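The next block holds one structure in the form of structure tokens; read it before the comments.
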Amino acid sequence: CGKINGSSIFWNNGIARVSGVSKLTAPDGTKLGDCISEDSYPDGNITWYRNGKVLHPLEGAVVIIFKKEMDPVTQLYTMTSTLEYKTTKADIQMPFTCSVTYYGPTGQKTVYSNQAVFDIYCKSFNI
């Protein structure tokens, strides 16, 4: 199966917004999206979910690439988590989301994105 089009999940100051993606990254591992937290302090953690369940890296199926940068002038963080995911028939109409968790002086705060459902098409083979 492969993702033909879908959405990237972006974060901006704790508010989720969705932007379209129009093509596959690779036939075997599809880039489903990016979860981005911009201009945040303190830094935090990004977690991906499929149908409400946490996604963990799994060789050959799930790759999560995390990148964190700090602006030297503002000392605010931009964190990006890219999800590469090998789709199957079971992923048709499954919602994907991400969350950003921050740890501050008042405790832990988690902000969730809106759900994104990707258009996934599976090839049929005659045997």
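What follows draws every value from the coordinates through simple rules; no lab data is involved. Everything numeric here is computed off the predicted structure, so don't read it as measured data. Cβ atoms come from the backbone with ideal geometry, glycine included; neighbour counts cover every protein chain shown.
For region 71-106, the residues whose amide N sits under 19 Å from a probe point set 7 Å from the Cα of Glu59 along the beta carbon direction are 84-87.
Bridging of Lys86 to aspartates and glutamates at a Cα separation below 14 Å is possible for Asp28, Glu59, Asp119, once same-chain residues fewer than 8 apart are set aside. Each residue of region 104-119 was assigned a 3J(HN,Hα) from its phi angle through the Karplus expression (A = 6.51, B = -1.76, C = 1.60, θ = phi - 60°), giving x, x, 9, x, 7, 10, 10, 10, 9, 7, 6, 6, 10, 10, 9, 7 Hz with x at Gly and Pro.
Longer than 27 Å from Cα to Cα, which of Lys68/Lys109; Lys68/Lys89; Lys67/Lys89 are they? Say none if no pair is. Walk me through the numbers on the way to the answer.
Values: Lys68/Lys109 18 Å; Lys68/Lys89 33 Å; Lys67/Lys89 30 Å.
Violating the 27 Å limit, Cα to Cα: Lys68/Lys89; Lys67/Lys89.
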